[in-house]
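The values are calculated or read from the model by the stated rules, or taken from the named source; none is laboratory data. Please read all numbers here as calculations on a predicted model, not as lab measurements. Note that we place each Cβ from the backbone using ideal geometry, even for glycine, and neighbour counts take in every protein chain shown.
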Amino acid sequence: MSEDGSDGLLLTERETEEGLLVAVCDADVLGKTFAEGEISLSVSEEFYGGDPVSPDRVADSLARCDTANLVGTTAVGVAIEHGFVEEGNILEIDGTRHAQLLWM
């Protein structure tokens, strides 16, 4: 764990017309683009560049959100560990993990 307790996780929360949108990524994938076949995923600073947070803070945000996007092994792992995402619903794109969460 890093000095800030973040485990290398970055979190952004935005209020939208549809509710709370949460974006979480592993810090080491920020600024990278992953592509495989016709699928491309850009982990942009504008969307994913947030505050360093702990896994518990990520879980708290996921519990409150209406929609979430997660990129990276640790970020997706937190969502799985806390029961927000099932392993079978994870995408693997060019060596990184990606999940989306939408509460209906």
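Laid out as a table, the results:
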| item | result |
| --- | --- |
| The range 59-74, residues that are closer than 12 Å to Ala99 by Cβ and of a type in the set (A, V, I, L, M, F, W, C) | Leu62, Ala68, Leu70, Val71 |
| Candidates Thr74, Thr96 - the one that is among the polar types (S, T, N, Q), under 13 Å from Leu11 (Cα atoms) and touching a residue at least 40 places away in the same chain (Cβ under 8 Å) | Thr74 |
| Spans of strands (runs of 3 or more DSSP E) in the chain with at least 3 residues at pLDDT 95 or above and surrounded by 13 or more Cβ atoms within 10 Å (Cβ to Cβ) | 9-16, 19-26, 67-71, 96-102 |
